[in-house]
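The values are calculated or read from the model by the stated rules, or taken from the named source; none is laboratory data. Everything quoted here is computed from the prediction, not taken from an experiment. Neighbour counts are summed over all protein chains in view; Cβ atoms, including those assigned to glycine, are modelled from backbone coordinates with ideal geometry. These area figures cover heavy atoms from the full protein model, side chains too; ligands, DNA and RNA do not enter into them. Shrake-Rupley method; radii C 1.70, N 1.55, O 1.52, S 1.80 Å.
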Amino acid sequence: MDYDIANPDLSAEGATRLAWADNDMPVLRAIRERFEKEQPFKGKNLAACLHVTAETGNLMRTLKAGGANVVLCASNPLSTQDDIAATLVKDHDIPVYAKKGEDRDTFFAHLKKVISYNPHLTMDDGADLVSTIHKEHPDLIPSIVGGTEETTTGVIRLRAMAKNGALKFPIVAVNDAKTKNMFDNRYGTGQSTLDGIVRATDVLLAGKVFVVAGYGWCGRGLALRARGMGAQVIVTEVDAIKALEASMDGFRVATMEEASPIGDIFCTATGNIHVIRLEHLKRMKDGAIVANTGHFDVEIDVAALKNAATSVRENVRPSVDEYMLGKNRINLLAEGRLVNLAAAEGHPASVMDMSFATQALSAAWMATQALTPQVYEVPEEIEETVATLKLSAMGITVDTLTPEQQKYLSDWESGT
Ligand code: ADE
């Protein structure tokens, strides 16, 4: 079997971590058992471009149990957990092409390698597979049934493709499912981003001014958790409604220009480019910590920082580079790449359980459909299944409507 990973000898360590994460993924486990019997992907090649983490490892096992010929590459050069790559190759016979810290050329070579397996289904986190197939391998498109997309940034790219008529096979926007973004984006990002910032810097959050750029689901979760750790949180936004929501959620809302000289810690979560620019970096305090938790490494203008800095001390701690800008030190985390996956382990397994259960069921649904090339919502039944299984795994039961209540809800005539 062909593969390209950092060190196959890490497989035992990876197997232990994979099993640890699996303990916290009961919904995915239930789906795996179902897939073993039903074989929804029998004979299908499934190419995945995801963060190579323990949680993704358990998703890959689930898809393979469902009959898929799975192949995996990384959706970010810094997020790969090399021990997980090793156990997937050695213990699960899954070809993996991913090495933590791989350079740009290797990253794209791995992407192309995965595409060379002639996928019938794609699974993306950031739409790199779909866009590369469309740009460089359109010949493969006729045999592709469809793909799924994990993240906000990817869905934005895919909707733009669909709008331009450029999308040539159907996609399920897993990111947009309630069972995904209300939990993974909010509570997953909230916790794992703080985890990454704290592991990288050992900063005490209590009493610090923490600036969150963007108040989508990720920014909301991050602001909530930073406040929970005692930080004074400032939110920056461009959207009037989200800014109002942040304000009424009790956060101070300001522009990045206003926030720059006040903040101790800055984190972008917008999905947009150059949200923190040189003009902001120059106004920051000595020792300011600057990080990004959005998908691509474009939210902080790192090139401008590198250009303007008089010196740089790389790896003053793992994942921290210290730039001298005028008289001030600016601490950039994880080179401006997603700090939660580069400096920590990404979202905890318990929340990835819901996202990846939604992924697995959406891919299985797609395998049975003949859909036209558009971006589709996750079917409501899948959301219901995932939420119900998760509640049950958490030992929570909910009330059911009485016949009287059902009738009342469908009766438009009763009232005052
Ligand atoms: N995205 C965020 N956290 C993740 C994780 N733990 N595994 C895979 N993808 C992720």
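None of V70, V145, V114 is touching a residue at least 12 places away in the same chain (Cβ under 8 Å) and either closer than 23 Å to N185 by Cα or open to solvent by 20 Å² or more (accessible area, probe 1.4 Å) (or both) except V145.
Of everything in segment 36-58 that is in a helix (DSSP H, G or I) and out of contact with any His (no Cβ under 9 Å at 6 or more places or on another chain), the residue that is most open to solvent (accessible area, probe 1.4 Å) is K37.
Assigned by TED's automatic domain parsing to the domain that holds W20, under 30 Å from E38 (Cα atoms), among the small types (G, A, S) and more than 16 Å from the ligand (Cβ to nearest atom), is that true of A74? It is false that A74 is assigned by TED's automatic domain parsing to the domain that holds W20, under 30 Å from E38 (Cα atoms), among the small types (G, A, S) and more than 16 Å from the ligand (Cβ to nearest atom). Could you grab me the full set of residues in segment 351-360 that are of a type outside the set (F, W, Y) and open to solvent by less than 10 Å² (accessible area, probe 1.4 Å)? Matches in segment 351-360: D353, S355, A357, T358, Q359, A360.
If you filter segment 77-90 down to residues that are part of a loop (DSSP other than H, G, I, E, B) and open to solvent by less than 10 Å² (accessible area, probe 1.4 Å), you find that the one that is farthest from the ligand (Cβ to nearest atom) is T80. Screening R61 with (1) out of contact with any His (no Cβ under 7 Å at 6 or more places or on another chain); (2) assigned to a helix (DSSP H, G or I) gives one miss only, at (1).
When segment 168-187 is filtered for residues that are assigned to a helix (DSSP H, G or I), within 15 Å of the ligand (Cβ to nearest atom) and under 17 Å from G126 (Cα atoms), the ones remaining, listed by number, are V174, N175, K180, N181, D184, N185. Would you say G67 is more than 23 Å from N340 (Cβ to Cβ), in a loop (DSSP other than H, G, I, E, B) and either more than 16 Å from the ligand (Cβ to nearest atom) or hydrophobic (A, V, I, L, M, F, W, C) (or both)? Considered against the rule, which asks whether it is more than 23 Å from N340 (Cβ to Cβ), in a loop (DSSP other than H, G, I, E, B) and either more than 16 Å from the ligand (Cβ to nearest atom) or hydrophobic (A, V, I, L, M, F, W, C) (or both), G67 comes out as yes.
A single entry from H347, H295 fulfils the requirement of being closer than 26 Å to F107 by Cβ and at pLDDT below 95: H295. Taking the condition under 26 Å from S362 (Cα atoms) and either touching a Gly at 6+ places or on another chain (Cβ under 9 Å) or charged (D, E, K, R) (or both), does G67 pass? It is true that G67 is under 26 Å from S362 (Cα atoms) and either touching a Gly at 6+ places or on another chain (Cβ under 9 Å) or charged (D, E, K, R) (or both). Counting only helices (runs of 4 or more DSSP H) that fall entirely inside segment 301-376 and contain at least 2 residues that are on the phi < 0 side of the Ramachandran plot and within 16 Å of the ligand (Cβ to nearest atom), the qualifying elements are 339-342, 349-367.
Residues considered: D93, D2. Of these, the only one that is on the phi > 0 side of the Ramachandran plot and either more than 16 Å from the ligand (Cβ to nearest atom) or more than 23 Å from the chain's Cα centre (by Cα) (or both) is D93. It is to be established whether one or more residues within segment 269-281 are of a type outside the set (A, V, I, L, M, F, W, C), surrounded by 18 or more Cβ atoms within 10 Å (Cβ to Cβ) and within 18 Å of the chain's Cα centre (by Cα). Taking every residue of segment 269-281 in turn, at least one turns out to be of a type outside the set (A, V, I, L, M, F, W, C), surrounded by 18 or more Cβ atoms within 10 Å (Cβ to Cβ) and within 18 Å of the chain's Cα centre (by Cα). If the condition is being surrounded by fewer than 23 Cβ atoms within 10 Å (Cβ to Cβ), away from the ligand (no atom under 16 Å from the Cβ) and in a helix (DSSP H, G or I), then segment 148-167 contributes I156, R157, R159, A160, M161, A162, K163. Among the residues of this structure, A243 does not count as one that is surrounded by fewer than 19 Cβ atoms within 10 Å (Cβ to Cβ) and more than 26 Å from A177 (Cβ to Cβ).
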